[in-house]
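Read the structure below first, then the notes.
The values are calculated or read from the model by the stated rules, or taken from the named source; none is laboratory data. Quantities reported herein were computed from a predicted structural model and do not represent experimental measurements. Methodologically, a virtual Cβ is constructed for each residue, glycine included, from the backbone with ideal geometry; neighbour enumeration extends over all protein chains shown. The accessibility values were calculated without ligands, DNA or RNA, using every heavy atom of the protein model including side chains. Shrake-Rupley method; radii C 1.70, N 1.55, O 1.52, S 1.80 Å.
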Amino acid sequence: MLPYADEPQPSARRFPAVTLAIIAVCIAVFAQEVSLGPEEVQAFGERWGFIPDEFWAGRGLVTLVTSLFLHGGLLHIAGNMLFLWVFGDNVEDQLGHGTFALFYLASGVVANIVFAVAFPDSIQPLVGASGAIAGVLAAYLLLFPRAMVRTLLAFGPFITLGRVSAAILIGFWFLLQVIQGAISVLPIAPGSDVAFLAHVGGFVFGLIATGTIREVRDQSLGDWSGRRWWSRSFRNWLLVAVVVTVLLAGSQLLLTGGEAATGTLARLTVGAGVVALALLDGVARLLGRRGILGTGPRTNKLVALAQILAALGLAGTMFTG
C-alpha cells in the first residue's frame, strides 16, 4: 500500500511552510550526496549520520539531528518525502509551524536514541527521516483517524487505486514495524538496512507528544466516527490478496507434506487462476467498466493497463520458469 494523497477532515488552513522546508533541505542534502564520489559519500555518511557506538562515547551528538536529513538512495528519499508530503501538512496545520518543527526534530532524535539503546555497539551510520516521519504518522493517526487516504494497492499482478482510513493504513504500517523490529533484535535475525525499532520509537513518541500537546492546549483529538473505513476497491483488493495467500499457503503445505505432484498442480492452478482473474479485471477496467478492483466510473486506465502487463509477465514466468 503506497499512499499518494489524503482527504482529511477538516482540511488544512495554514500553508505547510515547515513541511516544504524539510523536504527542500532533504532534497538539497541528497543532491550533495549524489555529487560526491563513492569514498566521499561514505565519509559524508560517517560524518553526519548517526552512529550508536559514537553516541555512547559522547561523540557526534549533532548527528542526532543531521542524520534526519541524509538518505541512502533515491527510493529511500522518495518514499520518505512522499509520506511527509501526504501526512505532514495537516499535522503542521493542527500543531502550528513552530510546534511542528520541534515535534518533527524531537521525534527523529528519540527514534535515533531508541535505536542506539537496542544496538549500542553498531558502527553503521543511521540515516534518513523515517524516524521523524513515524512521529508525524502517529500524530496524524490521533488527529485524523477516519481521514480517507488515497493509496496505490499492489499484490502480485493485482494493481488498483483505493481509499482506506488513516487508522487502518497507519495501524497496519505500525504493526509491521513492531513485528520487524522484534525480529531484528533476535540473534538469528538477517541483516537489514531498515531501522524498524527507530520507527517504533519515533511513532510511540509521536503518540505521547501529540496527546500531551492537545491536552495542554485543551484541544480534542480526532473523531473516530461518521466516515467509511474503506472504499469498494480496497475491500475487494484485500479479499483477493487474502484468498490468494491462503490458496498459495495450502499448496505449499502439500509440497512440504510430501504431496509433491498434488502441491505442484495446486500451485499451477492457483497461478493460472490469478493470471486469468487479473486479465479479466484489467480488460474490464480498461474498457471503462468497474470490474472487481475498479475505482469508480472514471477507472484509471493506466493502472488497469499496468495490471494487464503484470498478469502477462506472471504468465510468462510460469510457462518459462
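Among the residues of the stretch 206-233, the ones that are part of a helix (DSSP H, G or I), of a type in the set (Ser, Thr, Tyr) and modelled with pLDDT under 95 come to 1 in all.
If I filter the stretch 193-205 down to residues being open to solvent by less than 50 Å² (accessible area, probe 1.4 Å) and among the hydrophobic types (A, V, I, L, M, F, W, C), which single residue comes out as modelled with the lowest pLDDT? Full working, then the answer.
Within the stretch 193-205, the first condition is being open to solvent by less than 50 Å² (accessible area, probe 1.4 Å), and the residues that meet it are 195-203.
So of that shortlist, the ones also among the hydrophobic types (A, V, I, L, M, F, W, C) come out as 195-198, 200, 203.
On the way: 195: 83, 196: 87, 197: 91, 198: 93, 200: 95, 203: 97.
Here the answer is 195.
Being modelled with pLDDT of 95 or more, within 18 Å of the chain's Cα centre (by Cα) and assigned to a helix (DSSP H, G or I) is true of residue 111. Candidates in the stretch 234-287 are the residues that are modelled with pLDDT under 90 and under 14 Å from residue 155 (Cα atoms); of these, the one that is least open to solvent (accessible area, probe 1.4 Å) is 271.
Tell me the residue from 125, 190 that is open to solvent by 10 Å² or more (accessible area, probe 1.4 Å), modelled with pLDDT of 90 or more and not acidic (Asp, Glu), please.
Details: 190 fails: modelled with pLDDT of 90 or more.
Testing whether each residue is open to solvent by 10 Å² or more (accessible area, probe 1.4 Å), modelled with pLDDT of 90 or more and not acidic (Asp, Glu) leaves just 125.
Do we have residue 106 as open to solvent by 10 Å² or more (accessible area, probe 1.4 Å) and either among the polar types (S, T, N, Q) or modelled with pLDDT of 95 or more (or both) here? It is true that residue 106 is open to solvent by 10 Å² or more (accessible area, probe 1.4 Å) and either among the polar types (S, T, N, Q) or modelled with pLDDT of 95 or more (or both). Restricting 139, 116 to residues that are part of a helix (DSSP H, G or I), over 18 Å from the mean Cα position of the chain (by Cα) and surrounded by 19 or more Cβ atoms within 10 Å (Cβ to Cβ) narrows the list to 116. Tell me whether the stretch 80-87 contains one or more residues that are under 28 Å from residue 37 (Cβ atoms), open to solvent by 10 Å² or more (accessible area, probe 1.4 Å) and without any contact (Cβ under 8 Å) to a residue 12 or more places away in the chain. The answer is no; no qualifying residue exists.
Output the residue which, of all residues in the stretch 142-159 that are open to solvent by 10 Å² or more (accessible area, probe 1.4 Å), under 14 Å from the mean Cα position of the chain (by Cα) and not small (Gly, Ala, Ser), is farthest from residue 310 (Cα to Cα). The qualifying residue farthest from residue 310 (Cα to Cα) is 150.
Taking the criterion of being within 18 Å of residue 240 (Cβ to Cβ), in a loop (DSSP other than H, G, I, E, B) and open to solvent by 40 Å² or more (accessible area, probe 1.4 Å), the residues of the stretch 288-321 that qualify are 289, 290, 292, 295, 300.
Would you call residue 179 modelled with pLDDT under 95, within 29 Å of residue 239 (Cα to Cα) and open to solvent by 60 Å² or more (accessible area, probe 1.4 Å)?
Details: modelled with pLDDT under 95: yes; within 29 Å of residue 239 (Cα to Cα): yes; open to solvent by 60 Å² or more (accessible area, probe 1.4 Å): yes.
Considered against the rule, which asks whether it is modelled with pLDDT under 95, within 29 Å of residue 239 (Cα to Cα) and open to solvent by 60 Å² or more (accessible area, probe 1.4 Å), residue 179 comes out as yes.
Considering the stretch 22-67, the residues that are farther than 17 Å from residue 115 by Cα, polar (S, T, N, Q) and in a helix (DSSP H, G or I) include one that is most open to solvent (accessible area, probe 1.4 Å), namely 42.
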